[in-house]
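Quick notes on the structure that follows.
The values are calculated or read from the model by the stated rules, or taken from the named source; none is laboratory data. Owing to the predicted nature of the structure, the values given are computational and were not obtained by experimental measurement. In this analysis, Cβ positions are derived from the backbone assuming ideal geometry, glycine residues included, and neighbour counts consider all displayed protein chains.
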Amino acid sequence: MWLRNSPRADAGWRGVQAYLPDGLGWCQDNVYGVYVHGLFENASYRQQFLERLGWRGQTTGEWSAVVDASLEQVAQMIVRVRLDHP
C-alpha cells in the first residue's frame, strides 16, 4: 500500500487517519486501506468491517472460492479478447 510508513499518513495528510494499530491500516472519509495480506479471508472480520461501512447482508465464508471464481472469469475474458484480436 502506498501509505505504508508514509510521513503523509503519520501527519494526517488530506484527512488520512490511522484505522489499525502499528501502521497496518488507514481511512479517509469512506475509504479504508489495509496492509495485511489475507485480512478479508476471515469471514467474521469481513462481516464486521462491511457492517461498519453501512452494508447490510451476509458475507460468504468461502472467500477464497469467490476470489478464485472471479479470477477465473477475468482469465476467460482475457482469452476471449486475445482470440478475437490476435
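Here are the numbers for the structure shown:
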| item | result |
| --- | --- |
| Of all residues making up segment 37-46, the number that are within 16 Å of Val67 (Cβ to Cβ) and either of a type in the set (S, T, N, Q) or in contact (Cβ under 8 Å) with a residue 12 or more places away in the chain (or both) | 5 |
| Per-region count, segment 54-63, residues loosely packed, with under 10 Cβ neighbours inside 10 Å and either modelled with pLDDT of 85 or more or small (Gly, Ala, Ser) (or both) | 3 |
| Single residue of segment 35-65 satisfying the filter (of a type in the set (D, E, K, R) and in a helix (DSSP H, G or I)) that is farthest from Gln17 (Cα to Cα) | Glu41 |
| Answer residue from segment 7-33, given it is among the aliphatic types (A, V, I, L, M) and modelled with pLDDT of 75 or more and is surrounded by the fewest Cβ atoms within 10 Å (Cβ to Cβ) among those | Val31 |
